[in-house]
Each structure stands twice: as structure tokens, then as C-alpha cells.
1. Being in contact with a His (Cβ under 8 Å, 6 or more places away or on another chain) and crowded, with 17+ Cβ neighbours inside 10 Å narrows it down to one residue among Gly281, Gly229; which is it?
2. Which pairs turn up if I take residues in the range 84-104 that are farther than 14 Å from Glu601 by Cβ and look for partners that are basic (Lys, Arg) and outside any helix (DSSP H, G or I) with beta carbon separation below 7 Å, at least 6 apart in sequence or on another chain?
3. Restricting to the range 457-486, give me the number of residues that are farther than 30 Å from Glu601 by Cα, part of a helix (DSSP H, G or I) and either modelled with pLDDT under 95 or not hydrophobic (A, V, I, L, M, F, W, C) (or both).
4. Of all residues in the range 179-201, count the ones that are under 13 Å from Gly142 (Cα atoms) and either surrounded by fewer than 20 Cβ atoms within 10 Å (Cβ to Cβ) or without any contact (Cβ under 8 Å) to a residue 60 or more places away in the chain (or both).
5. How many residues does the range 370-395 hold that are surrounded by fewer than 13 Cβ atoms within 10 Å (Cβ to Cβ) and touching a Phe, Trp or Tyr at 6+ places or on another chain (Cβ under 6 Å)?
6. Restricting the search to the range 131-141, which residues are surrounded by 18 or more Cβ atoms within 10 Å (Cβ to Cβ) and either more than 35 Å from the chain's Cα centre (by Cα) or of a type outside the set (D, E, K, R) (or both)?
7. For the list (1) touching a strand residue (DSSP E or B) at 6+ places or on another chain (Cβ under 6 Å); (2) within 25 Å of Gly281 (Cβ to Cβ); (3) in a loop (DSSP other than H, G, I, E, B), I need the number of the one condition that Asp380 fails.
Amino acid sequence: MQTGFSELSHHLYVHHGHVNTGILLDGNRALLIDPSGDTLHTTLAELGITNIEQILFTHHHRDNTSGFPIADDVRVGVPAEEAAWFSEIDTFWNDPQYRWHLYNYHPHNLMLADAIRVDDTYTEGAQIQWGPASLKVLKTPGHTDESVTYLIDVDGERFAFSGDLIYDEGKLWELYSLQKGQQTSDYHGFLGARDELKDSLEKVRLASPTALIPTHGVVMEDPNKAIDGLFHQLAYCYDKYVSISALRHYFPKLFAAFEGHAGHMPIRDGKPPPEFLRHFGTTWIVISENGEAFVMDCGSPHVIKQIQQLKADNEISEVTQFWVTHYHDDHVDAIPEFQTTFPCETITDSVVARVITNPIGFRLPCISPAVTRVDRITCDGDSWQWNEFTMTAYHFPGQTYYHGGLLVEGRGVRMFFGGDSFTMAGIDDYCSGNRNLLGADVGYEKCLRLIQQLRPTHIFNCHVDPAFDFTDAEIQCMLDTLAEREKCFTALFPWDHANYGMDEHWVRCYPYEQEVTLGETAQLRVEITNHSSEPRTAIAQPILPPSWDTEIAPAETTIPPKTDGHIDFSIPIPQSCDTLGRIVVPMEMTYNAHPLGQFREAILVLTGG
């Protein structure tokens, strides 16, 4: 990672902090592009700049817009269609659609904690004259929907400040900002913004810049080579995604262009489920010989009515146990009503239990505010008898890391209930926010090894009526593809492992949201997953509102390879506060000596004393 600053031309410099900041200067005055972070002051002083006249932002993400104070007399310009995410940010943090039932993610990542005043808004083709330079605005969506590139003609050359469209030759900073729906919601849109990204880079290429300067990344002095390298790597990575994607079962038209590609796993036929099972919505029900029912998931009151009808028709006598596969809203929304209607034992995996018993503590895709009572928490391999069936529970980090699997043995079959983790076409890893980790003994690699070991006669998906299974060759195909993905996606990012660029929650705050009374102390934990093969040191610092007149010192921890670590903070809340309600607390992060800026956040909901 570069540090300090570099000179592009006589009047144009780049400060290299946790992001790159463009510095267009004319004597002691300057125009800045994407200023962020404390270290920028040092560069400005070294360049003799005492008067900042104008600031331009390429996009609204917090890590390239925060941490640098903006004086009242400085003009601030932003992409026109992102202006609200600068000046009216409270409309995001206070709107429940951006907190619960998250299927659409635009905007979603690194939103500002505090509003930034906007003086000027720019649309495609806008021209800006400043000092010795002429600037032109290109609308270049991809990393965000309305992000822009600033072309600067100065000193006889042209430079493109391209935001986060590209990091370096063949590389992106991360891909979870590219989650975007095509035929359905953003939830199913893994790398769905890649075509927008490619179109934007082609637009930048046509402008024939001397160099590309990304917000995150290195200055690219051969833009064509850098862009071609990224297109090649993205195409290869996406092909390795499609080749075993479960979405091919749900939305075959979405992948019509990939039909017949070499190395793509054929879509398997289903098989009838055993006659003692019932399927309603996302709920599977096992009916024992004595008429008792074992129910899995309850996402809708309609399921409760269906179960009541089974009782009325004497197909079941009572519900005696209830298993929760994972936390997604279409599996848990109606659980409180279910538990009132059928007061049976509720069982789930320990990782799932942490989310569904305290959903306010998490910000994840498809999350529901419904709170589930859990009576028994299982660990990997816990087994029990339910009537004639032997039940064995597993942590099953497939469709989401927060997921369990259940092996049900009896009546001549071995049934594996994998939640939403598989279809006949492969694996359900189409949402990066679900934490589909790559590598040995994590994510789908762990899940497939378990299926390989258990050899179930039937596998069940909560959204699919037929049962199915996989041949040994199909399982090996999926394992081989995942191993290749680990390599090619690692090559796509400037990290030493793919998971840093794919796992939006490798740094996360717990609880994500909590209510705290004025004058009390909030307890906040920053959890960090070290995806590397060597120990890593993480430093975190909560950024509190300036009006609190309180600063929390940075704290650090060293995390062993391939494990989770954490840093704990006690945050004193003032006795009085101008504003009650939701306060966003960004977390300034440094990882492996690389500053990341205000990388994640937590929410404190202040109530009166």
C-alpha cells in the first residue's frame, strides 16, 4: 500500500492514505477529490496548501467521505442522484426498509454516519473549470448506482479519478457492493452489477486517460491493460460461480448464455419425498407413526393454519418438536405465533440461535425482527431420538454461515434437511452478505464434506418440493470448483485470501444495534474474522459524536490464523444529549497495518434517563 503522496503532473497530486485523494492545486489553493482521514492534513501542509476551495466526491461511501473536516466556506460537489445519501442521511438510518427484511441493497454498505452539506450536484457531461484544469463528469455506475468519474485535463494530460470501479490491473477492492438483482431482487444478484461496471470502465477507456486513479488501489498508468485484466478475471470468476449455482434451477433464463459451457455441473433430477413428509411454504414436517409432528421453520401464518388443518383431519395428533434451519425472514417471521399456538420444544444450532434470539444484534440479508424462544441449543453432531427417528444436528454454513443442518434417520431412509443450501443444480451462494466462505473446512466445502460422509438417501431444500441427492462425481465437481474459486477470487482482490473481498461481515459489531439509557454505559464488541493463514493484528476505535466530547482510545488484538477475534469497548453515554433516538457509531479500523477508515458501524438507540 502506497503512503504519503505522489505527483501526477505539475498541478495534480494524489495523497495515499486509506483511500487515494486527488489534489488539484493552484498556488496555495486546492480542489480535493474524495478527501478522507486525518493523514491528508500532512500532505496538504507539505504541498503548501492553505486554502481548500472545493471538494468533489465520486460516490457516497463512508470510507471515502468521512474523517476530514469540511469548512463552511468550501464548496462540496457530489453525484446528483446520490445527493440525498450525503445531505439527508437520516432518511436512511431511520427507515425500517433499510433495517429489516433486506432483499434489496441499494444503497446498503458504508452509509455516512453524519450528513455532509451539498452545494453542487453533477450529472453526466457536467463541466467544471477550476484554476489551470478542466474537469468533466462521467456517470459510471457499478460500485454504487450513481457513482461518477472525474476526468481532469491539466498540464497537457488527462487523468481519470474513477472511484471504486477498479483497484488495479485485474483487481477489485471488494465485490459485495456489486450485489444487484437482475430478474429478481438484489438478494439473488451475485456480481449482478458487473455489466454496469464493465460499461462504465469502457466509457472511461474511451476518454483515453493517461492514468486511472481509483479511490482504493494503485495509480494505473496503462488503463487499457488494467481494464482488460479486470474483464478477463471477472469473466472467469463469474463462470466458476455459475457452473455450480443453485439459481440455475430457480431462474434458468438468467443463465441461458452459459448453457453447454465446459465444466458446468448438469442439473440433477429430483425424486419423490417419503410419504410421511409434508411441505408447506418453507416448512417441512415429519409425521411419526404415532401421529406426532416434527416441524421445521415457520415463515408464514399460513403454515400454522395448514398444521391446524392436519390436526383437524387427524393426520397428526400434536406438534412435539420444532427445528429452525436458519434465520432468514421467510423461515422465522411467524415463529412467535407458532410457539404460542404449538407450545413444543424449539431446537436449533448454536450459531443460528445467536441470531434468532437477538435479531436486533445483527444486520444481515433477509433478517427479521421476530424474536424466537430457543429451548435447546445444539452443537455439531448432537443427536437425540424422536419417536422412531434419530435426529442429528450439525452446524451447516451453506446458504448462510448462520445455518444448521439436520439428519433424520428412520423408516429405511436417511434424510438430510439442509435448509436453503442446495438445489438439484448446486449450491445457493448467490448473496455475498450471507457469508459463503471459501476454503478448507468452512462454508460449502465443509457442507459438501459432511454430505459426502453422511451419504443421505434424500436431501431437502425448504423451497423445493422434490427431494434429491448428488452422485460422488457431482460432489467432487462442486468441491473442485470451490477450490478453483478460492484461487481465482483471491486473484481478483488485493488481499491474501478471497474471503476478505467476498465476506462483507468479516468485520462486524455486536450487538449491531442496542438500546441504552442516557448516563449508562454501552458494551460493544468488534468481531473480526482472520481469513489469512498467518496471525493478523486488528486495531479498532469507535468514532463518537463530537457533541459528546468523549474519545475512546484505539484498542488492538492479534488474531490467530483462520479464527475469529474480538475487541471490546465500554462506551459512556452522556447524562444529557441534544438528540435521543438512533446514533450511528462508525468503527475506524486498521488491519495488518493497513488503515481501512470508518469500515463498519453500530447503532446506539438512546433513551431518556
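The values are calculated or read from the model by the stated rules, or taken from the named source; none is laboratory data. Model, not experiment: these values are computed from the prediction. No Cβ is skipped: glycine too gets one built from the backbone with ideal geometry, and neighbour counts run over all protein chains shown.
1. Gly281
2. Note: pairs meeting the criteria are Ser87/Arg117; Asn94/Arg582.
3. Number of matching residues: 6.
4. Total meeting the criteria: 10.
5. Going through the range 370-395 one residue at a time, the tally reaches 0.
6. Across the range 131-141, the qualifying residues are Ala133, Leu135, Val137, Leu138, Thr140, Pro141.
7. Among (1) touching a strand residue (DSSP E or B) at 6+ places or on another chain (Cβ under 6 Å); (2) within 25 Å of Gly281 (Cβ to Cβ); (3) in a loop (DSSP other than H, G, I, E, B), Asp380 violates only (2).
So that you can scan it fast, the table gives a plain yes or no per residue for (1) at pLDDT 95 or above; (2) surrounded by 20 or more Cβ atoms within 10 Å (Cβ to Cβ); (3) touching a Ser or Thr at 6+ places or on another chain (Cβ under 6 Å); (4) on the phi > 0 side of the Ramachandran plot:
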position: Ala30; (1), (2), (3), (4): yes, yes, no, no
position: Asp34; (1), (2), (3), (4): yes, yes, yes, yes
position: Asn51; (1), (2), (3), (4): yes, no, no, no
position: Gln54; (1), (2), (3), (4): yes, yes, no, no
